[in-house]
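The values are calculated or read from the model by the stated rules, or taken from the named source; none is laboratory data. Keep in mind the model is a prediction, meaning the values are calculated, not measured. Reconstructed Cβ throughout: ideal geometry from the backbone, glycine too, with neighbour counts over all protein chains shown.
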Amino acid sequence: MAFDFKRLIKKYSVTPAYVQTETPGSYDADTGEWVPGTLAAVEIDGAIVPLSGQDLTYGEAGTYTIDDRKLYCYDDFKTGLAIKHKDINYTIAQKLDYSDFSGGVFIYIIKKVGV
């Protein structure tokens, strides 16, 4: 039986989080000139919580700090993607595999940028 994270995500998603995405550039069909892509912040429905003591001790993707967080959401992201939460920038450092237990939730370790 899978654990339903919907209540947890709803309870802890009080402050919006944003995924920083970039649309790819392209050539203008009329002029043939290169038009660079644009940056966009897309709001996601997810919960960002502090790492537990166990997360801090046993992190597989390197050393984590108390400034890093865990993101629970139903969106499938790649590592390295930029996340913004409470005007703090993070990068997805690790995707945790809970697919057997979670009913579609994705859990990520996000590292604070610029520490």
Only residues that are touching a residue at least 12 places away in the same chain (Cβ under 8 Å), over 13 Å from V49 (Cα atoms) and outside any strand (DSSP E or B): list them for the stretch 69-97, please.
Y74, D75, D76, F77, K78, T79, G80, L81
Selection from the stretch 3-41 of residues that are part of a strand (DSSP E or B) and at positive phi
none
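So which residues in the stretch 105-115 are of a type outside the set (F, W, Y), free of Cβ contacts under 8 Å to residues at least 60 places away in the same chain and more than 23 Å from T23 (Cα to Cα)? First the steps, then the outcome.
If we filter the stretch 105-115 for residues that are of a type outside the set (F, W, Y), which is where we start, we get 105, 107, 109-115.
Filter once more, keeping what is free of Cβ contacts under 8 Å to residues at least 60 places away in the same chain: 107, 109, 111-115.
I107, I109, K111, K112, G114, V115 - these are the residues of the stretch 105-115 that are of a type outside the set (F, W, Y), free of Cβ contacts under 8 Å to residues at least 60 places away in the same chain and more than 23 Å from T23 (Cα to Cα).
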Scanning the stretch 1-39 residue by residue, those among the small types (G, A, S), modelled with pLDDT under 85 and more than 20 Å from the chain's Cα centre (by Cα) turn out to be A2
